[in-house]
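A quick write-up on the structure given underneath.
No value in this document is a laboratory result; all are computed from the given coordinates. Please read these numbers as outputs of a predicted model, since none were measured by experiment. Because the Cβ atoms are built from the backbone with ideal geometry, glycine has one as well, and the counts that use them run over all protein chains shown.
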Amino acid sequence: MKTLLKPGINWLIIFIPISVLINYVPALKNDIALFICSCMAMVVLSSLISTATEHLAARIGAKIGGLLNATFSNLPEIIFGTVALYHGLIELVKAAMTGAIIGNLLFVLGHSMLAGGLKNGPQRFSVTRVSDFSTGLIIASLALFIPTVYQEVARGAVDGLSHDETMAISLWIAVMLFLSYIGSLIYTLFAKADPVTEEREDEPAEEPKGEKPWSKKKSGIVLGVSSFLIAVISDYVANSVTVVENAFGLTHLFMGVVVIAIIGNVAAQTTAVRMAIKNKMDLCIEVAVNASSQVALLVVP
């Protein structure tokens, strides 16, 4: 309770009931206000997911802790993407996924390195791990690029490329990406530690400062409730986004790459910055880059 009442981003939790009231009370019905309040609610829910996963990872080594943080930090993208697809907002989902990948690699990682450097000076990280993460991203980039190239090349052919053929290629690539994701998990969990971080690999993550670490039960409850509320709030966002775009002359591309991506990256951003400030650059990089990798290898497929 103290964590929720602590001054800061958690105060945005007030926007959750406000969003519900705006959606269900006819006298308060306003799509623009609903969109803004829902976005604020998603920010605090993403932050709560980040906090809960940090407590869960408090006694886990850097490898599993990084995977845990990256996995749950992608919950907003997974839930919002599913809800938006249900509403037929395909272009918005594609833009949001693209923005999530770019945002995690550039904004989240860059901001974290800056914060960690200002706090701790020169920082060290495992080159081997960075190479492993980059390999996954390269595979995902090439795989996602293939259907577009194949379709463009086939347009010049006499028979062209049918919709069924395009779907078949996309489905096979989705399966390949998912299998690559499973393989990367296995490799990350069982790969030999790099000398730079070998002596710290099995150390527990630092406990959140100034408060008693949450129990697994409490962390699980917070994760479950936050995930459910994000699903509800995502439905509000999906229902009101078209009105906001028309009112301000915005496009699905801008809303997805900028607005939705920033909201979804809050969890990864807060976790990565905390790890960088604590001089845990391996965990910081693993959270940021794994978040992008998991969007490309898991969320997109």
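One table, with the values for the structure above:
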| quantity | calculated |
| --- | --- |
| Net length gained if the chain between residue 258 and residue 58 were fully extended (0.36 nm per residue, minus Cα distance) | 68.9 nm |
| Residue-by-residue Karplus 3J(HN,Hα) for segment 217-222, coefficients 6.51, -1.76, 1.60, Hz, glycine and proline x | 5, 5, 4, x, 5, 4 |
| Stretchable slack from residue 171 to residue 186, in nm (0.36 nm times residue separation minus alpha-carbon distance) | 3.1 nm |
| Stretch gain in nm, segment residue 146-residue 111, where the contour uses 0.36 nm per residue and the Cα spacing is subtracted | 9.4 nm |
| In sequence order, calculated HN-Hα J values of segment 124-135 (Karplus, 6.51, -1.76, 1.60; Hz; x Gly/Pro) | 10, 8, 7, 5, 4, 5, 4, 4, 5, 4, 5, 4 |
| Projected label distance in nm at residue 178 and residue 24, using a 7 Å step from Cα toward the beta-carbon | 3.5 |
| Label-point separation in nm, residue 123 to residue 242, each point 7 Å along Cα→Cβ | 4.3 |
| Segment 255-260 - phi-based ³J(HN,Hα) in whole Hz, Karplus 6.51/-1.76/1.60, Gly and Pro as x | 4, x, 5, 9, 5, 5 |
| Alpha-carbon centroids, segment 70-143 and segment 250-278: separation in whole Å | 9 |
